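Novice: I'd like to ask some things about the structure below.
The values are calculated or read from the model by the stated rules, or taken from the named source; none is laboratory data. A quick note: this is a predicted structure, and the numbers were derived from the prediction, not measured. FYI the Cβ positions are ideal-geometry reconstructions off the backbone, even for glycines, and counts take in every protein chain you see. Side chains are part of the model used for accessible areas, which takes the heavy atoms of the whole protein and leaves out ligands, DNA and RNA. Shrake-Rupley method; radii C 1.70, N 1.55, O 1.52, S 1.80 Å.
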Amino acid sequence: MAVKSKTKRKGFSPLSLDAVNFLSADVRGAVGPYLNVVLVTQQDWSQSEVGLVTTIGGLLGIAVQTPIGAAIDETRAKRGVIVLALAVLAVTAVVIFAFPTFWPVAIANSLMAVAGDVFGPAVAALTLGLFARRLLARRMGRNSAFDHAGNVAIALMAGAVGYEFSQRAVFLLVPFFAILAAIAVLSIPAKAIDYKRARDLEAEPGAAESSTGVAGYSILFKSRPLVIFGLCVMLFHFANAPLLPLVGQKLAAAYPKEATAMMSTCIIAAQAVMLPIALLVGYKADSWGRKPLFLAGFAILPIRAALYTLSDTASG
């Protein structure tokens, strides 16, 4: 309660962080899966060309993720970093809309991958700086729930825009939501953010002493549990990330006119399941433990991948 009253006195409302998660999901969700659909259906790209562009962006995103996270941890301008990433996504989405040829799309998609790396660590850092550790699990679950809700909202709007206007017009939603997300980010007062706690340098109540200091890159290799966990997460994302874009390409090839609406349906179905799960995990992570929850998530992924191979129809 002390933390809540303290942040309220500084003008912070938790609704601002809710809006950041909701609207930034709208910005990111309007480019990812729909890019494959547009390139295949409207620009007559081959699936190998689409795969090359997305692979370049994906590998670049992986390469810069750790340095970006370190930079976000170091800087006090955490709000400004998010706003800059939103601006990059807005500009690159307009470039893809206006110049849907190989090199503009390849460059824009690569910049999108880099900008997309900002949101996870930056929003997590803001959350750490705004909420005490004992409130963190629930707050992160709430963050994830609003992120999934934003994905549902953009999927509905993208499906409607793609059906009524054109599938390329979906990219014009990005600058609109980027402006709204930037307003939400800036509505969080800088004074409400505890930058020491955001870097995990503040001692917990009752602790003997504060943290010894900021860990360097060597911690990524010296801590065996962290290395194992990092490898598990990497393998999970290698398997999980391509699934929905590949489904999008398959739908685009089989149903070019309805591809955007079908992709939106796939996204809504997935996010509708993830939203309550995010809330449940946030509320139960401390009592159930993290390992069982992670193991459940890892176990479900191969089942999901296998089910995709069992049907070639839209309803499947």
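Novice: Mind checking which residues of the stretch 35-55 are crowded, with 16+ Cβ neighbours inside 10 Å and among the charged types (D, E, K, R)?
Specialist: 49
Novice: Follow-up question, since we're still on this one. Quick one: in the stretch 296-305, of everything that is of a type in the set (A, V, I, L, M, F, W, C) and more than 21 Å from the chain's Cα centre (by Cα), which residue is most open to solvent (accessible area, probe 1.4 Å)?
Specialist: 303
Novice: Could you count how many residues in the stretch 232-241 are free of Cβ contacts under 8 Å to residues at least 40 places away in the same chain and either open to solvent by 90 Å² or more (accessible area, probe 1.4 Å) or not in a helix (DSSP H, G or I) (or both)?
Specialist: Here the count works out to 3.
Novice: Let me ask another. Filter the stretch 197-224 down to the residues that are in contact with a helix residue (DSSP H, G or I) (Cβ under 8 Å, 6 or more places away or on another chain) and open to solvent by less than 60 Å² (accessible area, probe 1.4 Å), then identify the one that is modelled with the lowest pLDDT.
Specialist: Applying the filter and picking the extreme gives 199.
Novice: Is it the case that the stretch 227-239 has a residue that's modelled with pLDDT of 85 or more, more than 20 Å from the chain's Cα centre (by Cα) and either more than 30 Å from residue 39 (Cβ to Cβ) or charged (D, E, K, R) (or both)?
Specialist: yes
Novice: Hey, does the stretch 159-171 have a residue that's touching a Lys or Arg at 6+ places or on another chain (Cβ under 7 Å) and either touching a residue at least 24 places away in the same chain (Cβ under 8 Å) or among the acidic types (Asp, Glu) (or both)?
Specialist: There is no residue in the stretch 159-171 that is touching a Lys or Arg at 6+ places or on another chain (Cβ under 7 Å) and either touching a residue at least 24 places away in the same chain (Cβ under 8 Å) or among the acidic types (Asp, Glu) (or both).
Novice: Give the stretch 56-80 a look and list any residue that's open to solvent by 20 Å² or more (accessible area, probe 1.4 Å), assigned to a helix (DSSP H, G or I) and small (Gly, Ala, Ser), or say none.
Specialist: 58, 63, 69, 70, 71, 80 - these are the residues of the stretch 56-80 that are open to solvent by 20 Å² or more (accessible area, probe 1.4 Å), assigned to a helix (DSSP H, G or I) and small (Gly, Ala, Ser).
Novice: Considering only residues that are at pLDDT below 80 and of a type in the set (Ser, Thr, Tyr), which ones fall in the stretch 1-33?
Specialist: 5, 7
Novice: Could I ask something else about it? If you check residue 83 against the conditions, is it open to solvent by less than 20 Å² (accessible area, probe 1.4 Å), under 30 Å from residue 220 (Cα atoms) and of a type in the set (Val, Ile, Thr)?
Specialist: So residue 83 fails the test.
Novice: Here's something else I'd like to know. Six or more apart or on different chains, Cβ under 9 Å: which pairs go from a residue in the stretch 288-312 that's touching a residue at least 60 places away in the same chain (Cβ under 8 Å) to one that's open to solvent by 50 Å² or more (accessible area, probe 1.4 Å) and not in a helix (DSSP H, G or I)? Could you list them?
Specialist: Within 9 Å, the pairs are 308/316.
Novice: Limited to the stretch 145-189, what total is found for residues that are open to solvent by 40 Å² or more (accessible area, probe 1.4 Å) and over 23 Å from residue 261 (Cα atoms)?
Specialist: Looking only at that region, the number is 5.
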